[in-house]
Amino acid sequence: MTRKHRAAEAPRVAVAILDRGIDWRHADFRNADGSTRIAAIFDLTDKTGATAANNKYGVGTVYSRAQIDAALNGGPTLATRDAVGHGTATAGNCCGNGRASNGKYVGVAPESTLIIVKFTSDGAPAHDGQAAESAFYDASLFPKAVDFAVDKAKE
């Protein structure tokens, strides 16, 4: 196999971010057609989806790629967010494709698929029309966060 041939067959890369969530609307995490590059979001700070059919982990709330795309296209919005932007910045450094900056700021893996786990929050006061967010951290949930990321990467 020639070097040129290998380059044409780019490997599929998934990057898991365990942080404070993500701005799932951000242009850097969308494809050229506007669809999301995020395979799933697992929000451990929100217990409302713990018993949902798509959540075998029994904690948090899982948002699928289909739910994210539907929200991006005017469907029901997602309750998950990155209240202070830390998770979004981390994901951008790793996986931003530069769409929001016309290519000026591009991450290391700009074509990768993102797997997001909202694992912690420092809390945030109400701002920009958003409700306040309580601080959250539960180290005992780390194994479930990792299991989710591995499961989604295998998919």
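Some notes on this structure:
- The chain - share of DSSP beta bridges that are antiparallel (%, nearest 5): 45
- Partner aspartates and glutamates whose Cα lies under 19 Å from the Cα of residue 47, excluding those fewer than 8 positions away in the same chain, are identified as 19, 82, 122, 133, 138, 147.
- Loop sites in region 53-112: trypsin sites (Lys or Arg not before Pro), DSSP, at most 15 other Cβ within 10 Å: 56, 104
- From the C-alpha gyration tensor of region 38-84, square roots of 5λ in Å: 18, 13, 9
- Our coupling estimate for region 54-64, obtained by passing each phi through the Karplus curve with A = 6.51, B = -1.76, C = 1.60 and θ = phi - 60°, is 8, 10, 7, 8, x, 9, x, 10, 9, 10, 8 Hz, Gly and Pro reported as x.
- Magnitude of the charge dipole, the chain, Cβ model with Lys/Arg +1 and Asp/Glu -1, debye to 20: 620
- For the chain, averaging the sequence separation of C-alpha pairs within contact (under 8 Å, six or more residues apart) and dividing by the residue count gives a relative contact order of 31 percent.
- Residues residue 106 and residue 52, FRET efficiency given R0 of 35 Å [Cβ-Cβ distance, rounded to 0.05]: 0.50
- Between the entries (i) 0.99; (ii) 1.05; (iii) 1.03, the label attached to Rg/Rh (Cα atoms, Kirkwood Rh) calculated for this structure is (i).
- Along each principal axis, taking the top coordinate minus the bottom one, the Cα set of region 93-141 gives 35, 31, 12 Å in descending order.
- Amide hydrogen proximity for residue 38: with H placed 1.01 Å from N in the peptide plane, the residues at 5 or more positions away or on another chain lying under 5 Å are 114.
- Surface share of carbon and sulfur [accessible, 1.4 angstrom probe, percent] for region 31-155: 54
- Alpha-carbon centroids, region 132-155 and region 21-64: separation in whole Å: 11
The values are calculated or read from the model by the stated rules, or taken from the named source; none is laboratory data. Quantities reported herein were computed from a predicted structural model and do not represent experimental measurements. Note that we place each Cβ from the backbone using ideal geometry, even for glycine, and neighbour counts take in every protein chain shown. Note: accessible area is taken over every heavy atom of the protein model, side chains too, but ligands, DNA and RNA are not part of it. Shrake-Rupley method; radii C 1.70, N 1.55, O 1.52, S 1.80 Å.
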